[in-house]
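Asks: First the structure, which I've put down as structure tokens, then a few questions once you've had a look.
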Amino acid sequence: MNKAESALKLYESYNCAQSVLTAYAGDFGLEKDKALSVAAGFGGGMGRLQETCGAVSGAIAVLGLASDYKEADGREKIDVVYAKVRRLVEDFTREQGTVKCRDLLGCELLSEEGHKYFAEHNMRETKCGKYIALACGLLDKYLAE
């Protein structure tokens, strides 16, 4: 099972950010429960505020893990992480037009009406699953470089 498939399986039980981060966490020594905790607040574009897509936020956390940044590391190492984050956001935006959850979904998750629309239109699978797969595909490409 590849990382996108793992993340999509995790998405059956967890939010988008948790799913992406947890799919990769073990590769970097982060326990599943810790990954789930770290990413818990990022789903729904940060607590359902629908800002940055949770799949993108989870992917950004993976880039941080992959950097193995430590207190003793200099500015140069964090600049490398920042460059990868910018590239991820640019590539995701090129594919989807934005990284903003509200615009990606076209409904308000904090309203009862929007939440109902999300469920009725099966957006977990038709929209969010696609964003999770894209974030994982981009990560796989960057991590292989």
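What follows draws every value from the coordinates through simple rules; no lab data is involved. Note that this is a predicted model, so its numbers are computed, not measured. Cβ placement follows ideal geometry from the backbone for every residue including glycine, while neighbour counts extend to all protein chains displayed.
Asks: Compute the helix-to-body angle for 75-96: its Cα long axis versus the longest principal axis of the chain, expressed 0 to 90° and rounded to tens.
Replies: Here the helix axis deviates by roughly 30 degrees.
Asks: What do you get for GluC sites (Glu not before Pro) in the stretch 47-130 restricted to DSSP loop and a cutoff of at most 10 other Cβ within 10 Å of the site's Cβ?
Replies: Details: sites: GLU51, GLU71, GLU76, GLU90, GLU95, GLU108, GLU112, GLU113, GLU120, GLU125; in loops: GLU51, GLU71, GLU108.
Hits after loop and neighbour filter: GLU71.
Asks: Just give me a number: lysine pairs in the chain, eight or more positions apart or cross-chain, with C-alpha atoms less than 20 Å apart.
Replies: 21
Asks: What's the extension gain from GLU108 to ARG124 if we count 0.36 nm per residue and subtract their Cα-Cα distance? If you can, show how the numbers build up before the last one.
Replies: Details: separation 16, 0.36 × 16 = 5.76 nm, distance 1.40 nm.
In short, 4.4 nm is gained.
Asks: OK, next. Go ahead and set up a Gaussian network model of the chain, Cα springs under 10 Å, then flag whichever of ARG48, ARG102, ARG94 fluctuates most.
Replies: ARG94
Asks: Helix 129-144 versus the longest principal axis of the chain: what angle, 0 to 90°, nearest 10, using Cα atoms?
Replies: With rounding to tens, the tilt is 10 degrees.
Asks: Rounded to the nearest Å, what's the spacing between the alpha carbon centres of the stretch 1-58 and the stretch 87-105? Just the number, please.
Replies: 17
Asks: Same structure again: Report, by chain and number, residues whose modeled amide H sits under 5 Å from the one on THR52, excluding near sequence neighbours (fewer than 5 apart, same chain).
Replies: CYS101
Asks: Which residue, VAL99, VAL56, VAL81, tops the fluctuation ranking in a GNM of the chain built on C-alpha contacts under 10 Å?
Replies: Taking springs between Cα atoms under 10 Å, the residue moving most is VAL81.
Asks: Taking the Cα of GLU51, stepping 7 Å toward and past its beta carbon, and measuring to each backbone N in the stretch 109-126: which are under 20 Å?
Replies: So the set is 109-111.
Asks: Now for a different question. For the chain, what is the calculated [θ] at 222 nm in deg cm²/dmol (nearest 500), taking -39500 (n - 2.57) for each run of four or more DSSP H residues and dividing by its residue count? If you can, show how the numbers build up before the last one.
Replies: Numbers: 9 runs with 96 residues, N = 145.
The helix-only estimate for the chain comes to -20000 deg cm²/dmol at 222 nm.
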